[in-house]
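Taking it in order: structure first as structure tokens, then the write-up.
We did not get these values from a lab; they are worked out from the coordinates using the rules stated. As the structure is a prediction and not an experimental result, all values here were calculated from the model. Every residue, glycine as well, gets a Cβ built from its backbone with ideal geometry; the counts of neighbours run over all protein chains shown.
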Amino acid sequence: IHIGTPEFYTGVTKKVKQAKEDGATLYYEYIDFDALSDADKRKARRIVGVLPTPDQYAELAADGYVGQSNDDYLGLVNDKDVDVDVTAEELIKAYEDTYGEIEVTGQDATSDLSEPAASVLPAEQVQSVVIDARNKAVADAIAEGPDNIVLVFGAAHGPGILAELQQRDPAWQRTE
């Protein structure tokens with residue numbers, strides 16, 4: 001969940017800390033859109049609708065809510081923290097390899113990047129990249145990783161990641 005209550009994030013932090021005290025490796029999601037060129041930021045914004053950054057989440061948070069901060073989870077107990085997400089470049093490439101080059105024209109080519117995209121790409125295409133392709137990448141990392149993992153990844157990804165893992169081994173199940 002990218003926007004939640006402070007209490008929610010305190011609870012997540014406690015669970016991550018406990019898991020890491022038990023020797024777990026933290027697998028987490030983070031796509032660094034800030035590292036992109038201006039042209040690629042505009043492509044990413046057409047995919048997602050906004051340029052999703054920690055600052056953007058914080059700005060979207062309503063009263064009583066805060067944006068997710070991975071800093072709350074990283075570096076707790078041990079240094080076993082791994083970003084298992086795709087990179088921003090890989091996200092754009094996955095979309096363009098499947099659906100063709102993302103064109104950025106009109107208002108989307110000139111507006112401030114903090115503004116929502118004027119024209120977003122088709123939802124089913126976005127879903128196949130933003131959710132499905134990332135789920136596969138995370139499942140690959142989990143399947144190849146250590147036995148003791150704590151995963152902090154968006155709630156929308158949970159069912160897809162589990163389905164990807166169960167394709168490899170039907171015994172996979174969610175424990176929390």
Quick one: angle between helix 158-168 and the longest Cα principal axis of the chain, in degrees between 0 and 90, rounded to 10, please. 70
In the chain, how many lysine pairs have Cα atoms under 24 Å apart, counting only pairs 8 or more places apart or on different chains? 10
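Can you tell me which of 124-132, 37-45 comes out highest on packing, and rank the rest after it, using the mean Cβ neighbours within 10 Å? All intermediate terms of the calculation are to be shown ahead of the outcome.
Working: 124-132: 16.0, 37-45: 17.8.
Ranked by mean Cβ neighbours within 10 Å, highest first: 37-45, 124-132.
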Between 0 and 90 degrees, rounded to the nearest ten: what's the tilt of helix 38-48 against the longest Cα principal axis of the chain? 70
State whether the range 88-146 is rounded, prolate or oblate according to the following rule on the C-alpha gyration tensor (a ≥ b ≥ c being the square roots of its eigenvalues): a/c under 1.5 gives rounded; otherwise a/b larger than b/c gives prolate, and the remaining case gives oblate. prolate
What is the Cα centroid distance between the range 1-68 and the range 95-153, reported in whole angstrom? 14
For n ≥ 4 DSSP H runs only, could you compute -39500 (n - 2.57) per run for the chain, divide by its residues and tell me the 222 nm figure to the nearest 500? -12500 deg cm²/dmol
If packing is taken as the average number of other Cβ atoms within 10 Å across a peptide's residues, how do 70-83, 103-116 rank, most packed first? 70-83, 103-116
For residue 163 and residue 111, FRET efficiency with R0 = 30 Å and r from the beta-carbon atoms, rounded to 0.05? 0.20
For the Cα atoms of the chain, what angle does the longest principal axis make with the long axis of helix 134-144, in degrees from 0 to 90, nearest 10? 30
Along the Cα-to-C-beta direction of residue 119, a point sits 7 Å from the Cα; which residues of the range 41-61 have their amide N less than 19 Å from that point? 41-51
Computed FRET efficiency, Cβ-Cβ of residue 8 and residue 55, R0 30 Å: what is it to the nearest 0.05? 0.95
